[in-house]
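The values are calculated or read from the model by the stated rules, or taken from the named source; none is laboratory data. Note that this is a predicted model, so its numbers are computed, not measured. Every residue, glycine among them, receives a Cβ derived from its backbone with ideal geometry; neighbour counts consider all protein chains shown.
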């Protein structure tokens, strides 16, 4: 055991050295340790870690060892440091090397700065024991943590190889975590599916824990996923971030989570929780983080394998459904198989197929999991995911129904608890714009759907669409065949029913004809006809041209032309074979096509012999009719163009009130096509409610033959029964020139939008007027010429006028006579120029007083930029003007009595009828100012409520206000000459120094809260001004005393000091060895005292603005050379390099040489004083326009940022340098430079040296 008596107290220096030089030890240690590659990546806080606390404990350990105790070094810091380095990637050798470097740095610095004769053996031994203990603890903790981590990682690697699916692997992973970390009671792993985090494995939270899902960015897990950083909760059960109900029910206290990242991709989130502990140890968190990093790749591999297996299942399901589609002819069976395949393959709870019906509505035709009651038509107009899918034509995914905003989910979806789903359109093959329906899959849990899921759904939809189209095409083919057979039968019947002769055939012969054709040819049956060629039949008929009588060749007959592809008709003369008489046939023939090829012809032959006879008779009549019809058509065409071009709704009604003609504009109003109006009564088109009011009106127009015009009505048409619309209509009787009443002409305009706009304008105008009445300003509006037509209520309340009195230019009556002419002229000029108007002038209140207003008017313009009206306001600025004038009065004089007298005169009559001001001096009260609007009553007021001393017992009045600092207003006076009295305190810097009394004597008005606020503000400003005058007087007295003191110092101290210095100098000429040292000490002390006295005199001169400066043209090069010559010996003595940089040859300064040398001496001397050995001081110089700039920079310790702002303050020194100077040099230097017209400033960062700049004017 060590004995303290064997270790003298003067030698206990190693522990003290460690404490005093901790920063230097850490700085040297950091430079050495930075040579380790892994340490270069750490920032300084992470590199230093817990070493400052460890150094303190090493020092304490050394003290206890020296004092004979049994020192113990707590292992916790070394353990924490080891874990931090393990987390940062250090190996064990690098951790041990850090402690070895720390020992070497302490010993190195100790040996450099300690007294060699002072052998602190016990301190060094304590250091070695402490370092060795820290190394031992770090090695043990590092080894345990590494072994524990490696064992856990080995188990995870084995689990990754042994498990066959992702869920089994995740369960094994959580078991490893619980076995490894005793503090963990519960853990979960959530994997990302799109924007959803779904719980894939959980332990310790119950059977329902795996149903929990959360969005990225929501709750604790979502926050980790979004920030991709670990997070911890210490009171998780009460934290709003904890959204997992199972974890909250479990009562989890500590909760730690990490993101699972595969490169830049977020895979999921892992969390661990504890019920018993409120915080996990650092080692537990590091182990959990390491496990998370290791398992991420295994999870990704399992996810890829699961995705591949899922893709294979999906492909198999698609192939199976495709084979079933080929095997079955019943679409309903295929649809049932499809929803079962989708539900089972995607692992969904519900699947369905929605079909688009012929009328565009939707119906559920197959389902699985929903229940049979869901089959059938969907409610019309009900929003749904299926409807949105059809409208967009794209797959629509809902991963969280709670936040879906694109559409509303149907009520039955909420009943089933739907949380997520996917819908894809079932395409119609070959038509990209049409869809058979929608294939849907839904789950009762939030989940994401992958691209493979979307592709699978689209493949199933394609199989369904193809199969349904195939079945429909087969059904359509059978239907077409049946229709073809029916059409043939119908054709036979039609041909037989035609009275004219009909022939159907080709160049080889006639294949079909009717009974009339056989009679024309003189044949009994069609079999006889089919035995002859076309040429033989033509020869039998002997067709001739009706005009020339020539035979018509078969190729030029209508039938022959039709076989050539030409449709034609012709009148021909033939011989009736049966009767032998000549008849005239009107033959029309047309080709029969198959594709683009002519395969035959059909001709219809009508006997027009009798018609030909009548033809000439009716020809003239037909010509007349044609001319009349052409005229009517022209008139109708003009009418139709007018109707089509008109934006007005136009209709013609007959006398039965039926629509005869309607244009498109009116049809659009009624919601029906124009063609659907013709022939229908008004009652059918417009509905019973409208017809009940409209029909009597229309009948009255028919009866009276008088028009009904400008009729406004509101009605809901049958096409939009829930929407009431507004119309303006004119109804005019239509009468021919002969007086025949044909019906009614109607012109209708829809004015719904116009009425809505008018209503909105009225509402906005009302809102504007309400707003204008609620603002504190007076407000008004004028037309484009400046004629005012509206005022708000505040205008009338203030002026006591009416609108009839004020409108137009009546407002001139409330303007002050001295200002009205100027105001009106400026107002009219701005109105004519269309420019914004602003002016300040007084307006008369209803009590006859005038108040000042800041008035503005801005123009409101139309779309062409023309002024349509003006909006103006008048803002009361009386108090502001008064306070500005009061501030000017208070700021222009240092005579407090005269100032307060002017202030009282200013307050009357603006604030009151009379005013008195009292000041306090101790317990005495002095009345210093009295003003009355009637000068003859000043002496009467002077004695009102006057008092010589403060009375602490009065409950009100001047003494009470001064004592309490609280304003008061008195209104109960028996004297008719005094109505109200307001007393406010004069306050300065928290003290009440007097009071201002303001009174209303005769005016018909009262003090308002605004008057009180203005008076109190005046009291504060006046009190501060009076107090400033007092402070100024005190400062002047102090300045005079300082100058007297400096004069005493200059004369009574400097002269004796000079005598002492001279005597010491003379004695040094013949010194003795014994007296030399003392004489030199006296000489240095007197020199320092002389400099100090000179500095004090300079400070006094600078502060008084009278620093003596004697400027002459000077050579700056010689000044800098003298500075270098003076200071270089001192710099070399400290191992400091003094450098000169810059060339000023040919430049001349205009300065006081000795003063500039004094500045250099202060700046360079300070640099030498504070720099260390091996530092460098550089003096630079250059020209800058009319100035020469000098810079003194060094590589010393620099100046702290918080100290840099004070270095030019007098008598200020940094705390660590307080004993190295008086703190006057920089203040004096700055005063000298500024007296020359230049600037002096400094720049520095702690540890980076300091730089001082100053400028001196050049000689002109």
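If only one of 954, 961, 987 is in a strand (DSSP E or B) and more than 16 Å from residue 904 (Cβ to Cβ), which one is it?
After ruling out the rest, the residue left standing is 987.
Can you name the residue in segment 294-319 that is closer than 12 Å to residue 460 by Cα and out of contact with any helix residue (DSSP H, G or I) (no Cβ under 7 Å at 6 or more places or on another chain) and, of all such residues, is surrounded by the most Cβ atoms within 10 Å (Cβ to Cβ)?
If we take residues in segment 294-319 being closer than 12 Å to residue 460 by Cα and out of contact with any helix residue (DSSP H, G or I) (no Cβ under 7 Å at 6 or more places or on another chain), then 315 is surrounded by the most Cβ atoms within 10 Å (Cβ to Cβ).
Among the residues of segment 531-559, write down those that are assigned to a helix (DSSP H, G or I), farther than 17 Å from residue 577 by Cα and either out of contact with any helix residue (DSSP H, G or I) (no Cβ under 9 Å at 6 or more places or on another chain) or touching a residue at least 40 places away in the same chain (Cβ under 8 Å) (or both).
Result: 556, 558, 559.
Residue 1078 is checked against (1) touching a residue at least 24 places away in the same chain (Cβ under 8 Å); (2) over 27 Å from residue 1199 (Cα atoms) and fails just one. What number does that condition carry?
(1)
Being surrounded by fewer than 17 Cβ atoms within 10 Å (Cβ to Cβ) and part of a helix (DSSP H, G or I): is that true of residue 562 here?
no
State which residue pairs qualify: first residue over 12 Å from residue 1026 (Cα atoms) and inside segment 881-904, second residue modelled with pLDDT under 75 and part of a loop (DSSP other than H, G, I, E, B) in any location, beta carbons under 9 Å apart, and separation of 6 or more residues or different chains.
Going by the 9 Å Cβ cut-off, the qualifying pairs are 902/892; 902/893.
Within segment 763-773, does at least one residue satisfy the condition of being modelled with pLDDT of 90 or more and surrounded by fewer than 17 Cβ atoms within 10 Å (Cβ to Cβ)?
no
Could we say that residue 480 is in a helix (DSSP H, G or I), within 21 Å of residue 309 (Cα to Cα) and out of contact with any helix residue (DSSP H, G or I) (no Cβ under 8 Å at 6 or more places or on another chain) here?
no
Exactly one of (1) under 12 Å from residue 872 (Cβ atoms); (2) crowded, with 20+ Cβ neighbours inside 10 Å; (3) at pLDDT 90 or above is unmet by residue 814. Its number?
Among (1) under 12 Å from residue 872 (Cβ atoms); (2) crowded, with 20+ Cβ neighbours inside 10 Å; (3) at pLDDT 90 or above, residue 814 violates only (1).
From (1) under 25 Å from residue 194 (Cβ atoms); (2) in contact (Cβ under 8 Å) with a residue 60 or more places away in the chain, pick out the condition that doesn't hold for residue 454.
Residue 454 satisfies every listed condition except (2).
Name the single residue, out of those in segment 829-844 being surrounded by fewer than 16 Cβ atoms within 10 Å (Cβ to Cβ) and touching a strand residue (DSSP E or B) at 6+ places or on another chain (Cβ under 6 Å), that is farthest from residue 784 (Cα to Cα).
Step by step, filter segment 829-844, then rank; the result is 840.
Evaluate segment 1082-1099: report whether one residue or more is modelled with pLDDT of 80 or more and within 60 Å of the chain's Cα centre (by Cα).
No, segment 1082-1099 has no match at all.
In segment 395-405, what residues are part of a loop (DSSP other than H, G, I, E, B) and under 21 Å from residue 364 (Cβ atoms)?
Listed by number, the residues that qualify are 395, 404.
Quickly run through segment 410-424 and pick out the residues that are touching a strand residue (DSSP E or B) at 6+ places or on another chain (Cβ under 9 Å) and over 11 Å from residue 442 (Cβ atoms).
Within segment 410-424, 424 is the sole residue that qualifies.
Would it be correct to say that residue 384 is within 15 Å of residue 423 (Cα to Cα) and either out of contact with any strand residue (DSSP E or B) (no Cβ under 8 Å at 6 or more places or on another chain) or not assigned by TED's automatic domain parsing to the domain that holds residue 463 (or both)?
Here the answer is no, as residue 384 does not meet what is asked.
Give the residue, chosen from 354, 342, that is closer than 14 Å to residue 440 by Cα, within 45 Å of the chain's Cα centre (by Cα), assigned to a helix (DSSP H, G or I) and not assigned by TED's automatic domain parsing to the domain that holds residue 270.
342
In segment 407-445, what count of residues is obtained for those that are in a strand (DSSP E or B) and surrounded by fewer than 18 Cβ atoms within 10 Å (Cβ to Cβ)?
Of the residues in segment 407-445, 4 are in a strand (DSSP E or B) and surrounded by fewer than 18 Cβ atoms within 10 Å (Cβ to Cβ).
Answer yes if at least one residue in segment 1219-1242 is farther than 18 Å from residue 1102 by Cβ, surrounded by fewer than 20 Cβ atoms within 10 Å (Cβ to Cβ) and at pLDDT below 90, and no otherwise.
Yes, some residue in segment 1219-1242 is farther than 18 Å from residue 1102 by Cβ, surrounded by fewer than 20 Cβ atoms within 10 Å (Cβ to Cβ) and at pLDDT below 90.
So how many residues does segment 718-770 have that are under 25 Å from residue 676 (Cα atoms) and touching a strand residue (DSSP E or B) at 6+ places or on another chain (Cβ under 7 Å)?
Of the residues in segment 718-770, 23 are under 25 Å from residue 676 (Cα atoms) and touching a strand residue (DSSP E or B) at 6+ places or on another chain (Cβ under 7 Å).
Counting residues that are at pLDDT below 65, which helices (runs of 4 or more DSSP H) fully inside segment 18-97 reach at least 3?
76-88
Report, by residue number, each residue of segment 846-868 that is at positive phi and under 38 Å from the mean Cα position of the chain (by Cα).
Hit for segment 846-868 is 865, nothing else.
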